[in-house]
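Everything on this sheet refers to the single structure shown next.
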Amino acid sequence: QNNLNLEKRKFDKIGPINFTAETESKEANTKIEKMVNDKIDVEKAILKLRETISNINKEGREKINNCFDGVNKSFKELFSAFFDGGKAFLKMVGSSDPLLSGLEVFVSPPGKKLSTLSLLSGGEKTMAATALILAVFLQNVSPICVLDEVDAPLDDINIEKYCKVIRKINQDTSTKFVIITHNPITMAHMDRLYGVTMAETGVSKLISVKLEETQKLREVS
């Protein structure tokens with residue numbers, strides 16, 4: 001009897017019995033298993049993402065280096081053509097990683113010390129900047145290139161150099177240049193001129209002149 005009473009007291013101490021505990025335990029285990037699987041999937045995705053980022057960075061560095069070398073080579077040649085000599089080059093600064101580094105432009109017109117682009121005069125800065133823009137353009141040329149008043153800061157001698165460079169690029173790449181200008185020297189180097197006139201007040205008219213044909217007519221007359 002004493003043993004029975006002892007067991008009854010032990011049973012009473014257990015408290016209320018949850019008859020759904022087994023079902024709840026199974027549901028909890030199912031959720032835990034799903035969370036574990038989700039965790040594994042997320043870890044795999046993170047590893048895959050890191051691998052992809054690494055590959056993209058590697059490919060990006062290669063493309064930047066290749067593009068940089070091409071632009072640098074063209075910039076040196078164009079700068080020399082614009083200035084009839086001198087030297088110029090591009091340099092990555094700030095980091096050994098191309099994805100994090102900055103870019104500095106070093107130039108030295110004939111007879112001048114090596115300096116940065118910002119220290120050149122207005123005309124020199126225009127020609128150096130144009131050389132750099134065209135150097136980038138030459139890495140992936142397009143059928144048409146528009147230059148808007150690029151020659152405005154240049155004197156007559158430098159405009160002749162500017163037109164000479166444009167003509168050479170046109171011959172080498174077959175790119176058609178559309179040049180917006182008010183300078184008669186630049187106009188004289190073009191194949192065709194387009195202008196807007198207002199013979200009647202309020203009525204604009206587009207005029208096109210092919211200089212080669214005009215020159216032939218002039219020679220005949």
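Taken together, the values in this text are just the output of simple stated rules run on the coordinates, not laboratory data. Every value quoted in this text rests on a predicted model; they were computed, and no experiment measured them. So basically every Cβ, Gly included, is an ideal-geometry build from the backbone, and we count neighbours across all protein chains shown.
What pairs in Lys73/Lys161; Lys58/Lys87; Lys91/Lys164; Lys112/Lys161 have C-alpha atoms more than 21 Å from each other?
Details: Lys73/Lys161 19 Å; Lys58/Lys87 31 Å; Lys91/Lys164 27 Å; Lys112/Lys161 19 Å.
Lys58/Lys87; Lys91/Lys164, as the Cα separations exceed 21 Å there.
Computed over neighbours whose Cβ is under 13 Å from that of Asn170, the net charge equals +3, Lys and Arg +1, Asp and Glu -1.
Just the number, please: percent antiparallel of the DSSP beta bridges in the chain, rounded to the nearest 5. Can you show the working numbers first?
On the way: 16 of 21 bridges.
Rounded to the nearest five, the antiparallel share is 75 percent.
Relative contact order, whole percent, for the chain stands at 12, derived from Cα pairs under 8 Å and 6 or more residues apart.
With the contact rule set at Cα under 8 Å and sequence spacing of 6 or more, what percent relative contact order holds for segment 11-112? Across segment 11-112, relative contact order equals 17 percent. Screening the chain for DSSP H helices whose Cα atoms reach 18 Å or more along their own axis and whose mean Kyte hydropathy is at least 0.5 gives 122-137.
Annotation: extensible slack from Val146 through Asn18 equals 37.9 nm (criterion: 0.36 nm per residue apart, minus Cα-Cα distance). Shape analysis of segment 71-120 based on the Cα gyration tensor places the equivalent ellipsoid semi-axes at 22, 12, 6 Å, largest first.
Write down, largest first, the equivalent ellipsoid semi-axes of segment 78-171 in whole Å, where each equals the square root of 5 times an eigenvalue of the alpha-carbon gyration tensor.
Working: eigenvalues 107, 68, 25 Å².
Taking √(5λ) for each Cα gyration eigenvalue gives 23, 18, 11 Å.
Just to confirm the filter: which trypsin sites (Lys or Arg not before Pro) across segment 101-150 are DSSP coil and have at most 16 other Cβ within 10 angstrom of their Cβ?
Sparse-neighbourhood loop trypsin sites (Lys or Arg not before Pro): Lys112, Lys113.
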